[in-house]
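Structure record follows, encoded as structure tokens.
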Amino acid sequence: MLYLVRRLPSTFARLVAEEWLRNAAGALIGIAATGALTALIIGPSPNLPVLMAPMGASAVLLFAVPASPLARPWAVLGGNALSAVIGVATVLSVPSPVLAASLAVGAAIAAMSLLRCLHPPGGACALTAVLAAPQTIEDGFLVVFAPVVINTVLLVIAAVICNRMLGRSYPHQAHATPHSHPPVHPANLTEADFDAVLADYGEVLDISRKDLEMLYIELVSRAENANNLSGSPGRE
């Protein structure tokens, strides 16, 4: 069984057991705290749920890949809230469920992209508002605040606390590796150079330009250090 698991394509280059256990524990604590505090804020209500399903997807990003640009606080907060608004507005103006669902998700992606808060669970927030059409029509834009905004704010706060307790930066800041290698010949590259390469690539990559820059410098530095060692006196 372990052999088959190891043959599966990996999402990450390296993910040790300690790391994924911490990710799972962080999400467990974050969702539990978000649900409990949301229940205290909105009180008992037969109509308003304590947790929205898209929060599970947000938790994956916040606790498993907090360095992703898709997990930045503005992406999470803006993406979920904006998409929920679009979902409710679509339900109130488009009678066809299928048309409303497709319009809501498409408009949510467009709006999040324009406002630089692309967050995949945002599409789920928009779709959830459409799928819960009878209740959404009754509650109107109240559903955006409770529970979407409340859930999202609390989950982001939990991510800040949990990730920092685990020794990770959140909101993420690009940084050198713990065992970095100083470059022998510093690359004369600017931020504009990295932006140009990313733009020319033709697809959106789930990594910030600054992280890409730091990784590139580290890779080049390691290669230079290795070449210097292999070419030093006394080595064959």
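The values are calculated or read from the model by the stated rules, or taken from the named source; none is laboratory data. Computed from a predicted structure; not experimentally measured. For neighbour counting, all protein chains shown are included, and Cβ atoms are generated from backbone atoms with ideal geometry for every residue, glycine included. For the accessible areas, the whole protein counts, side chains as well, though only heavy atoms, and no ligand, DNA or RNA atoms are used. Shrake-Rupley method; radii C 1.70, N 1.55, O 1.52, S 1.80 Å.
Observations
- Pick from segment 193-230, criterion of a type in the set (Ser, Thr, Tyr) and under 27 Å from Leu70 (Cβ atoms), ranking: most open to solvent (accessible area, probe 1.4 Å): Tyr201
- Applying the set (1) open to solvent by 50 Å² or more (accessible area, probe 1.4 Å); (2) within 18 Å of the chain's Cα centre (by Cα); (3) of a type in the set (Val, Ile, Thr) to Thr190 leaves exactly one unmet item: (2).
- Which numbered condition Val65 misses (of (1) closer than 30 Å to Val204 by Cα; (2) surrounded by fewer than 17 Cβ atoms within 10 Å (Cβ to Cβ); (3) at pLDDT 95 or above): (3)
- Residue within segment 145-167 that is over 21 Å from the mean Cα position of the chain (by Cα), surrounded by fewer than 17 Cβ atoms within 10 Å (Cβ to Cβ) and of a type in the set (A, V, I, L, M) present: no
- For segment 167-218, a residue qualifies if it is in contact (Cβ under 8 Å) with a residue 12 or more places away in the chain, over 21 Å from Pro120 (Cα atoms) and aliphatic (A, V, I, L, M), and the qualifying residues are Ala174, Ala176, Val184, Ala187, Leu189, Leu212, Met214, Ile217.
- Among the residues of segment 67-88, the one identified as within 10 Å of the chain's Cα centre (by Cα) and among the β-branched types (Val, Ile, Thr) is Val76.
- Residue that is most open to solvent (accessible area, probe 1.4 Å), among those in segment 79-111 that are in a helix (DSSP H, G or I), of a type outside the set (Ser, Thr, Tyr) and out of contact with any helix residue (DSSP H, G or I) (no Cβ under 7 Å at 6 or more places or on another chain): Val98
- Scan segment 16-62 for residues that are open to solvent by less than 70 Å² (accessible area, probe 1.4 Å) and of a type in the set (D, E, K, R) and the total you get is 1.
- In segment 144-236, counting only helices (runs of 4 or more DSSP H) that sit wholly within it, the ones holding 3 or more residues that are closer than 30 Å to Ala133 by Cβ and not aromatic (Phe, Trp, Tyr) span 150-165.
- Scan of segment 112-138 for residues that are open to solvent by 20 Å² or more (accessible area, probe 1.4 Å), of a type in the set (Gly, Ala, Ser) and in a helix (DSSP H, G or I), ordered by number: Ser113, Ala124, Ala133
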